[in-house]
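Note sheet for the following structure.
The values are calculated or read from the model by the stated rules, or taken from the named source; none is laboratory data. Please read these numbers as outputs of a predicted model, since none were measured by experiment. Neighbour counts are summed over all protein chains in view; Cβ atoms, including those assigned to glycine, are modelled from backbone coordinates with ideal geometry. Protein only, heavy atoms only, side chains kept; ligands, DNA and RNA dropped before computing areas. Shrake-Rupley method; radii C 1.70, N 1.55, O 1.52, S 1.80 Å.
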Amino acid sequence: MIKLENINKIFANNFYALKDISLHVSKGELVLLKSASGGGKSTILSLIAGLSKPSSGEVLVKDERISKLPDDFASLFRRQNIGFIFQKFNLIEDLSVRDNIIVPLIPSDFDEDLIEKRVARLLQRFDLSEKKEEIVRNLSGGQQQRVVIARALINEPSIIIADEPTANLDEKLSLDFVAFLQELQNEGKTIVVATHDPLFFNLPFVDRIIEIHKGVLL
Ligand SMILES: Nc1ncnc2c1ncn2[C@@H]1O[C@H](COP(=O)(O)OP(=O)(O)OP(=O)(O)O)[C@@H](O)[C@H]1O
Ligand SMILES: [Mg+2]
């Protein structure tokens, strides 16, 4: 499903954020990326999502060479295949719950009815039906987090990527998130989570933990 082949990511002053990283994630796998701060987790996730390009090496997602795609094709591919859950929620605070959830579908030629059906289903699933027209600023932290997950699912992606998804959550909400993650895994999604939250490291349903140290795979 996801292949990184001999990836180097070099920033200014010849700084190697990633050094010769190769890793494969199979369909339906739930994989954790673990490292200390600055290890390179977010850099890997943004390469997988086509949000940035490697300095050398290749990234393939569902056999598409996403690292070679021009940016607009990469973002189209991302919209169609990948749900991204950000550490900072990246919600648009002055927009309603509904409008935030459909952001990944814009611009698209989706049928209005189909969009509203999907939104209704997600609102119900995440217990947000009553909050559909509320602006996000007024929601509780846990509700905002569920909007973030709903937004990542609106395009029905086969791949879910989450960057430190519990960093801003208390223990109860972190456990809720973990339960959602298991549900997504049961639905057959391929999932990559970057985290250093110890909560994740003893979960029986995690398939693999990939550890990185200063850009090098351990
Ligand atoms: N755009 C950039 N320009 C320069 N250096 C960068 C850039 N993005 C990341 N880096 C550097 O690359 C390294 C890896 O960063 P990355 O954000 O991937 O780490 P991380 O494992 O996600 O850390 P954290 O756990 O703190 O989120 C860091 O040293 C960081 O400073
Ligand atoms: Mg990070």
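May I ask you to rank Ser35, Ser75, Ser129 by accessible area, largest first, using a 1.4 Å probe over the protein chains only?
Numbers: Ser35 10, Ser75 30, Ser129 70 Å².
Putting Ser35, Ser75, Ser129 in descending order of accessible area: Ser129, Ser75, Ser35.
Rounded to the nearest 20, the Cβ-based charge dipole of the range 1-112 about its Cα centre (Lys and Arg +1, Asp and Glu -1) stands at 600 debye.
Give the Kirkwood hydrodynamic radius (Å, one decimal) of the range 98-218, defined as one over the mean of 1/r across all pairs of different Cα atoms. So the Kirkwood estimate lands at 15.8 Å. The aspartates and glutamates within cross-link reach of Lys131, meaning a Cα-to-Cα straight distance under 12 Å and a gap of 8 or more places when in the same chain, are Asp99.
Solvent-accessible area per residue for the range 1-136 at a 1.4 Å probe radius, Å²?
Values: 7170 Å² over 136 residues.
Heavy-atom SASA per residue in the range 1-136 reads 53 Å².
For the range 1-16 versus the range 89-144, the inter-centroid distance based on Cα atoms is 34 Å. DSSP beta bridges in the chain, what fraction antiparallel, as a percent rounded to 5? Looking only at bridges with both residues in the chain, the antiparallel portion is about 50 percent.
How much of the accessible area of the chain, probe 1.4 Å, is carbon plus sulfur, in whole percent? Could you put the intermediate results ahead of the total?
Working: 5270 of 10660 Å².
Solvent-exposed carbon and sulfur of the chain make up 49 percent of the total.
Share of pairwise Cα-Cα distances greater than 22 Å in the range 1-114 is 42 percent (whole percent). Placing one equal scatterer on every Cα of the range 54-124 and applying the Debye formula, the log10 ratio I(q)/I(0) at q = 0.12, 0.14, 0.17, 0.19 Å⁻¹ is -0.44, -0.59, -0.80, -0.93.
Charges at C-beta only: +1 for Lys and Arg, -1 for Asp and Glu. How large is the resulting dipole of the range 64-218 about its Cα centre, in Debye rounded to 20?
Working: 19 positive and 26 negative charges, 66 e Å.
Dipole size: approximately 320 debye.
Determine one quarter of the surface area of the Cα convex hull of the range 2-217, which equals its mean projected area, and express it in nm² to one decimal. Walk me through the numbers on the way to the answer.
Working: hull surface 47.6 nm².
The directionally averaged projection comes out at 11.9 nm².
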